[in-house]
Amino acid sequence: MDMKGLYAKDIFRSIDGVIKADDVSKVASEVDEYVMTSEIRGGLSRIVDAWNQVDAPSNGVWISGFFGSGKSHLLKMLSYLLGEQAGSQPVNREDVERAFEQKVAGDETIIADLKRSLHTPTRAVLFNVDAKDNKASRERGSAMIEVFYEAYFEARGLYSTHLGVGALERDLDDRGELARFREAFQEESGYAWEVGRVSTVFAEALVSKALARLGHQVEHPFRSYREQLNLSAEAFAQDVASWLDRQGPHQRIAFFADEVGQFIGDDSQLMLSLQTITEQLATHCPGRAWVFVTSQEELSGITAQMNERRSTDFSKIQGRFAIKVSLSTEEVADVIARRLLTKSEQGASELDAMWQRLGAGFPSMFRFPEGTKKYDNYLTRDSFVAKYPFVDYQFEMFTQAMRGLSDNDLFTGRHSSVGARSLLGVCQQIAQELTDDELGTVASFDRFYDGIAAMLKSDVKDNVGRAAQDSHTRDPFTMSVLKVLLLVRYVESFQAYPRNIAVLLRRSLDQDATDLETRVERALHILSDQVYVQRQADGTYAYMTNEEKEVRREISQIVVEPREVTDLLRTDIRRHAGTSATSFVYPGTNRSMRVSLFVDGRREQAEPLVISVFTPQSSLDEEGIRHESVVRHDTLSLGLDVSSEILEDVRVFCQTEEYVKRQAGAASGLRKRI
């Protein structure tokens, strides 16, 4: 059986790996395919319980989670579950509530809270903060409040792209004159206001004429309204409160802001602005204006870092966002298994038979043998059937890889955002690539590279591309080793020994492990020789960035004489031997004689007794060393059994020491850190 018939659903069906706040075209399918994990269920319970309280102590919800955790999907579902968007609805709120009842079936408390939430009329506005931020035309200090004004205008069905236009429509709407203004503008211009408001430069004079028809004399109305818009959090909250009061005593508004944490970054002013906005909404609209946000980092972690750098106290925001939902990547595997990898009846049966035949060997098959975190891989039959062709360790390790690549600025984009491609999307791509393979094929870890390649900076992709064109390294397996080393470059819990790398590259459940390790070691030697990776002193290997490669090339050009290697070895041998090898006391006479140390014929100093050590650099072979011991009665001759790799490490160490001396005081920035 091949992999085509493995899945219950078409593996090529359209699944949005990344949930976008402003995309309403697939909301129905996003609701249908939403997976309710135990972690999300707990968070949902806390949210709807607080939402249903008239005097809830907090009006903020902070949803945190890294790449692929589902925080944006949860935020979007909450926006359709707890409120209605302005304009036409892609889905009915009642339908979303019924769908969620089925997802939490058996939990009568949550079901009751979900039903009760329907009775609260709410205008919901869902938006990506960074997408709304007009970076070119606004000061960073006012960026947060301006984004919230845009979202507020959008929630009211007003124009939100230009704040001056939105403020004009708001005033006319508050006066009950917006419909009359539209008619007056069309009579003046000959076209609809919805067309004219987009061309602010050309339409402004016509707007003045239309306003004059209503009895308002305003020159340059767009500019005037934009300049007079009060950007204080208090004025914003008062505006929201006034609008809510006109809608009725129970009306609410909820702001669902995606990627707030990435937008704030380390800007304490933006964090303070978010804190003030949320506080003022709670003060002027108690229980009626809520703020839901998502962030890669937990709130406590962000504020702790800012408090260390600034004197500003962010303790208030902790209380304002009292409801915190942290989504770990531990349950991502469950989401992917249920949403993407559900097996057909025949597929499950075939995998069950495979488990019976090979299952006993799975724990050792995917265990990293040298100094790496232990993972529970395919511990049970159900786990194997649910996650195959992926292996348990891959979900967490890939997330750690993404975090490391992001932290070290290897992704494109303003925030080095890793949200452009979800783990779900990458897994679907890999599963599609494997459909023609026979059952028993495993998704090797190098395949994850292709799923994120488009997000990487051009210099990183170019480096891999050069290796793919290099006649020495373009072999597909050698390229797979390189891709794996790039992915795990910044995963602290993974030690890139050849045997561990071989586990990452296993492509079949019955693959010969010894042969695989041999191929890995061969590929590593080739990649190291061609300066794509570097062998570390502890025997691990590391992918080399372009800057590191340039430094290594400069180091390799430094000439080291064999005697320098010999001198370093002699010093190290003396250090390890200690004082016991500096003198010898003859038992019969108690005479003390000094001992001299030779390494490859180089003497420390002339003493009565000699320890002569020969390294692979010397001209003597094993027989020659034995002969030295026989003919020289005052000499103990030893052959140093070191591999060529260790000898090369010593030579590179000497080169590096000399390079550092030459660069002292001259290196700066990234080169200094390297």
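Data for the structure
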quantity: Angle between the chain longest axis and helix 622-631 axis [Cα atoms, degrees, rounded to 10]; calculated: 40
quantity: Portion, in percent, of the accessible area of the chain that falls on carbon or sulfur, probe 1.4 Å; calculated: 47
quantity: Counted charge near TRP193, where neighbours are those whose Cβ lies closer than 15 Å (Asp, Glu -1; Lys, Arg +1); calculated: -3
quantity: Charge-dipole axis of the range 26-106 as Lys and Arg at +1 and Asp and Glu at -1 on Cβ define it, positive-most pick from VAL54, PHE67, LEU82; calculated: PHE67
quantity: Three-way shape call for the range 184-335 based on the alpha-carbon gyration tensor, with the a/c threshold at 1.5; calculated: prolate
quantity: Cα-Cα over 26 Å, subset of LYS103/LYS374; LYS103/LYS387; LYS20/LYS324; LYS374/LYS457; LYS387/LYS461; calculated: LYS103/LYS374; LYS374/LYS457; LYS387/LYS461
quantity: Point-charge dipole on Cβ atoms (K/R +1, D/E -1) for the chain, about Cα centre, debye to 20; calculated: 880
quantity: Dipole magnitude of the range 497-605 about its Cα centre (Cβ charges: Lys, Arg +1; Asp, Glu -1), debye to nearest 20; calculated: 540
quantity: Under 5 Å, built H, 5+ apart or other chain: amide partners of GLN296; calculated: GLY65, GLY261, GLN262
quantity: Aspartates and glutamates with Cα under 16 Å of LYS115, excluding same-chain neighbours fewer than 8 positions away; calculated: ASP49, GLU84, GLU94, ASP95, GLU97, GLU101, ASP107
quantity: LEU636 paired with HIS576, simple spin-label distance in nm, labels 7 Å along Cα-to-beta-carbon; calculated: 1.5
quantity: Accessible area per residue, Å², the chain with all protein chains present, probe 1.4 Å; calculated: 46
quantity: Angle in degrees between helix 458-469 and the longest Cα principal axis of the chain, rounded to the nearest 10; calculated: 50
quantity: Part-to-part distance (alpha-carbon centres) for the range 453-483 and the range 273-303, which is given in Å; calculated: 44
quantity: Test item: Cα-centred dipole of the range 506-568, Lys/Arg +1 and Asp/Glu -1 on Cβ, debye; calculated: 200
quantity: Value of [θ]222 nm, deg cm²/dmol, for the chain, DSSP H segments ≥ 4, -39500 (n - 2.57) each, nearest 500; calculated: -15500 deg cm²/dmol
quantity: Identified option (computed percent of Cα pairs over 50 Å apart; candidates [x] 34; [y] 8; [z] 23); calculated: [x]
quantity: With Cα atoms, 0 to 90° folded angle of helix 200-213 axis to the chain main axis; calculated: 20
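The values are calculated or read from the model by the stated rules, or taken from the named source; none is laboratory data. Just so it is clear, the structure is predicted and the values come from calculations on it, not from any experiment. Cβ sites come from the backbone with ideal geometry, for glycine too, and all protein chains shown count toward neighbours. Ligands, DNA and RNA are excluded from the accessible area calculation, which covers all protein heavy atoms including side chains. Shrake-Rupley method; radii C 1.70, N 1.55, O 1.52, S 1.80 Å.
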